[in-house]
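Bear in mind that the values in this text are calculations on the coordinates, not laboratory data. Keep in mind that this is a model prediction, so the values were computed, not measured. Glycine also receives a Cβ, built like all others from the backbone with ideal geometry; neighbour counts cover every protein chain displayed.
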Amino acid sequence: MKRISLLSWWKWAAAESFGEPECPCIGNSSGLIEQLQPQLITAGYPSNYGLLGCDAYDVNLSTSGCRWNEKPQCQNPWCFVDMTRCPINKARCEAAGGIPGSTVSPDCRTRPYAVRSFQNLSVYYSYETCGSVNMYDRNRHSVNVGGNVIRVVIDPVAPWVVRRTGFTRAQEYGGPSYDFFLKTLELFEPKPVLSILDGWATTQSKQKFQSDYTACVHDVALGTFDMCIADIWLTPERHLLARFVPPLRQDYFYLVVPRKIEGVAFWTRLKGPFLPFTPAAWAGIVAFLCLMSLLLGLVRVCEDEHDELGSSNSCKVRCSWRMGELGRMVFHVFHDFLLGQSSILVEKGPVRKLFSTAMAFFILIVLASYTASLASILVIQRQNVGTINSINEAIAQDVPICVPSVLLSTFSYVFPRASFVESPESRNGPRLLYSGACSALILSQATLDNMYAGQIREHDCEAVASGSITEEVGRCERDHLGNLRNDCNLIRVGDLLWSAPISFPVSERMAHSMSWAFTYAMTSGLMEETKKLNADVFPVSKCQGDAERSDEDGLTLDDLSGTIFIALLIAGCGLICLAGTAVCRALGRFLWGTEEMARTTATASGSDTDSGRGPKRPSGLKEGSRLACLEEQPLDDQIVPLPREVEADSDGVCGCFRAEIR
């Protein structure tokens with residue numbers, strides 16, 4: 001049995017169909033067939049072209065430019081449709097018990113269709129009723145735009161729409177959004193004619209709405225303008241008035257308040273060197289080092305005690321030696337950790353080799369992790385703290401917050417307990433704050449960038465200079481408390497509050513075509529291209545003193561102050577020990593001189609003891625004292641501390657003396 005290809009089967013199935021019932025193909029009984037066939041033959045098409053229901057009539061048809069089926073519509077089925085059934089018939093739909101858009105009756109729905117002219121006859125066709133998309137009419141998106149005049153008004157607000165002076169010294173517009181709009185017009189055939197009107201919204205619309213932007217949207221809805229080119233937030237209220245093109249970008253809103261600078265506390269800098277690890281991590285490090293000290297102390301006792309003390313020493317001496325060795329091991333282990341190296345002797349066997357390897361591995365990993373983040377942690381900047389730190393704190397303190405009027409209903413719904421003050425436009429917010437009308441603002445990031453560049457204040461000062469508003473309203477120079485105006489003292493606090501899409505309102509007749517053009521241009525990366533070409537128009541902050549430091553700036557003396565203090569504190573402890581040692585030495589010399597004087601006095605007075613008992617102990621020596629024990633020994637066996645030995649060998653705060661046998 002001969003196999004039938006999938007395409008052949010599909011064409012056969014489509015040919016048997018007369019389209020969807022909502023918009024059926026013309027049938028054999030239609031009187032339009034007799035009128036259309038002569039026109040088709042005259043135009044070079046087959047007499048049954050589009051008249052036999054759904055079929056791919058253009059396959060290999062050179063008249064349609066599809067000899068090699070190179071065009072996308074060549075293999076798509078279509079047919080001429082019956083216009084007595086294709087449009088929605090509301091009366092027949094409701095008579096069948098339905099409403100437009102329902103599936104109760106074919107009269108309640110339709111399918112897309114388009115018109116085609118043959119000499120003196122115009123007929124309608126549809127690809128969609130046959131299950132394909134109309135790729136034949138390549139200019140279908142240019143309807144009501146291509147070759148038409150587009151009346152627009154423009155409100156330049158940097159950086160997205162700007163007014164600049166051209167080479168001919170004539171005023172012209174630019175900016176990423178405006179240039180993007182011009183590029184989209186080039187997608188239409190023929191290219192539309194752009195007509196830029198003076199002014200912005202009409203007086204009649206301004207009287208209806210507090211926001212000039214909403215007034216312009218209203219003018220587009222009335223048909224006064226075809227489009228408004230500006231940074232217009234797409235809100236439900238505005239979308240209800242008119243159609244909009246797809247959003248160009250998102251505008252993000254934050255809480256903005258006056259700042260107060262809090263210096264970095266010295267305690268914060270002291271904590272800096274310890275911040276790379278948590279307290280639990282430091283406790284683990286100390287525990288490991290103590291364990292290593294104990295293990296090394298045990299090794300020292302097991303392997304070296306006999307060599308150091310022999311076998312004739314008392315238990316007291318051995319315990320004292322062991323505790324001293326353990327203390328020295330603790331010091332050496334912690335000292336090695338701070339130096340970043342292990343000084344354990346590895347020549348005496350595998351135990352010390354393994355312990356040294358464990359210590360070296362621990363030091364390597366811990367110090368590498370510590371130093372990796374220490375530099376960035378030590379760079380502690382002065383904290384720019386706002387008078388209010390979040391929207392919830394502002395609500396709790398019942399602080400009045402200025403918000404653009406167009407977003408008032410939105411924020412009132414999201415934060416119902418907040419006290420909002422209506423601001424006509426976003427750029428009017430700073431002047432209201434300086435006037436004392438509110439203590440916080442809700443501004444978009446774009447407005448913040450313009451404010452830090454000085455453009456908001458410049459706008460207010462121009463308005464004051466022109467006389468359109470007074471200084472009490474514009475607050476160009478000072479706030480209501482008499483302080484100089486400084487927009488750099490307004491900072492963003494808290495998390496993102498809201499985002500709103502930026503779009504252009506467009507007239508109803510152009511909405512579909514302009515939406516297609518904007519979508520095509522956005523997905524082609526045209527907006528990113530225009531942003532790069534207009535990089536010079538984006539605002540540059542004049543608040544350079546508030547720029548954050550980076551790792552490339554290096555550490556300052558303030559950053560190292562905590563580390564220096566800790567090191568000096570340890571050195572200070574050593575200095576105290578040194579002073580204590582000096583005091584003990586002086587005390588030792590004094591005590592030795594007193595005892596020597598007493599002995600000399602006793603000898604001169606003839607108060608010697610019996611020959612079998614040795615010399616008499618000076619009365620100033622207590623029973624059981626170290627010098628008393630020496631005096632009770634036979635003269636030949638006495639261990640006498642010499643003055644030079646006292647000065648050179650006495651150590652520690654206890655003033656113990658080393659002695660030699662005379």
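Exposure proxy check: E325, E237, E34 ranked by fewest other beta carbons within 10 Å?
Numbers: E325 18, E237 14, E34 8.
Placing the least packed residue first, the sequence is E34, E237, E325.
Quick check for me: using +1 on Lys/Arg Cβ and -1 on Asp/Glu Cβ, what's the dipole size of the stretch 6-138 about its Cα centre, in debye to the nearest 20? Let's see the in-between values first.
Working: 10 positive and 12 negative charges, 39 e Å.
Dipole size: approximately 180 debye.
Please order V583, V473 by the number of other Cβ within 10 Å, starting at the fewest. Walk me through the intermediate numbers first.
Values: V583 12, V473 15.
Exposure proxy ranking, most exposed first: V583, V473.
What is the gain in length, in nm to one decimal, between Q207 and S499 on full extension, counting 0.36 nm per residue of separation less the C-alpha to C-alpha distance? Don't skip to the answer; put the middle values down first.
Working: separation 292, 0.36 × 292 = 105.12 nm, distance 2.79 nm.
The Q207-S499 span can extend by a further 102.3 nm.
My understanding is that a pair violates if its Cα-Cα distance is over 28 Å; which of K191/K532; K90/K206; K191/K531 do that in this structure? Write out the running numbers ahead of the final one.
Values: K191/K532 25 Å; K90/K206 38 Å; K191/K531 23 Å.
Beyond 28 Å: K90/K206.
Give the long-range amide H neighbours of A453: residues separated by 5 or more places, or on another chain, with amide H under 5 Å away, using H modelled in the peptide plane at 1.01 Å from N.
Those lying under 5 Å, H to H, from A453 are K542.
Sorting check: for 117-123, 486-492, which peptide has the highest mean count of neighbouring beta carbons within 10 Å, and how do the rest follow?
Values: 117-123: 11.4, 486-492: 17.6.
Those peptides, ordered most packed to least, come out 486-492, 117-123.
With the crude spin-label approximation of a point 7 Å out along Cα→Cβ, what separation in nm comes out for I41 versus T470?
8.8 nm
Amide H to amide H, which residues 5 or more places from G386 or on other chains are under 5 Å from it, using H placed in the peptide plane?
Those lying under 5 Å, H to H, from G386 are K260.
Using amide H atoms built in the peptide plane, which far-off residues or other-chain residues are under 5 Å from V506 H to H?
Residues meeting the criterion, in which the H sits 1.01 Å from N, are R243, F244, V245.
So, in nm, how far is label L569 from label H332 when the simple model puts each one 7 Å beyond its Cα toward the Cβ?
Going by the 7 Å Cα→Cβ label model, 2.8 nm.
Residues of the stretch 436-453 with amide nitrogen under 12 Å from the 7 Å Cα-to-Cβ point of V414?
Inside the label zone: 442-445.
Whole-Hz ³J(HN,Hα) for each residue in the stretch 109-120, computed from phi via Karplus 6.51 cos²θ - 1.76 cosθ + 1.60 with θ = phi - 60°, x for glycine and proline: what do you get?
Once rounded to whole Hz, the list reads 9, 8, 10, x, 8, 9, 9, 9, 10, 10, 6, 9.
Calculated FRET efficiency, L481 and E425, Cβ-Cβ r, R0 25 Å, to nearest 0.05?
0.55
Provide the per-residue ³J(HN,Hα) series for the stretch 283-291, in order, calculated from phi with Karplus coefficients 6.51, -1.76, 1.60 and θ = phi - 60°, each as a whole number of Hz, with x at glycine and proline positions.
Here the 3J(HN,Hα) series is 4, x, 5, 4, 4, 5, 5, 5, 4 Hz.
What nm value, rounded to one decimal, do you get for the distance between W267 and A579 when each label is placed 7 Å out toward the C-beta?
My value for the distance between the label points is 2.7 nm.
Could you order the peptides 409-416, 560-567, 517-524 from most to least packed, using the average number of other C-beta atoms within 10 Å per residue?
With the highest mean Cβ count within 10 Å placed first, the list reads 517-524, 560-567, 409-416.
Work out, step by step, the length gained on full extension between A372 and E34: first 0.36 nm times the residue separation, then minus their alpha carbon distance; give nm to one decimal.
Values: separation 338, 0.36 × 338 = 121.68 nm, distance 8.65 nm.
Computed gain between A372 and E34 is 113.0 nm.
What is the packing order of peptides 392-398, 448-454, 533-539, taking the mean over residues of other C-beta atoms within 10 Å and listing the highest first? List each step's numbers first, then the result.
Working: 392-398: 15.0, 448-454: 21.0, 533-539: 13.4.
Highest mean packing first, the order is 448-454, 392-398, 533-539.
Given R₀ = 35 Å, FRET efficiency for L222-I88 by Cβ-Cβ distance, to 0.05? Kindly include the intermediate steps, with their values, before the conclusion.
Values: r = 27 Å, r/R0 = 0.77.
In this case the efficiency is close to 0.85.
Taking the Cβ of each residue in W78, W233 as the centre, tally the other Cβ atoms inside 10 Å and list the residues starting with the fewest. Numbers along the way, then the final one.
Values: W78 27, W233 23.
Ordered from fewest to most neighbouring Cβ atoms within 10 Å, W78, W233 come out as W233, W78.
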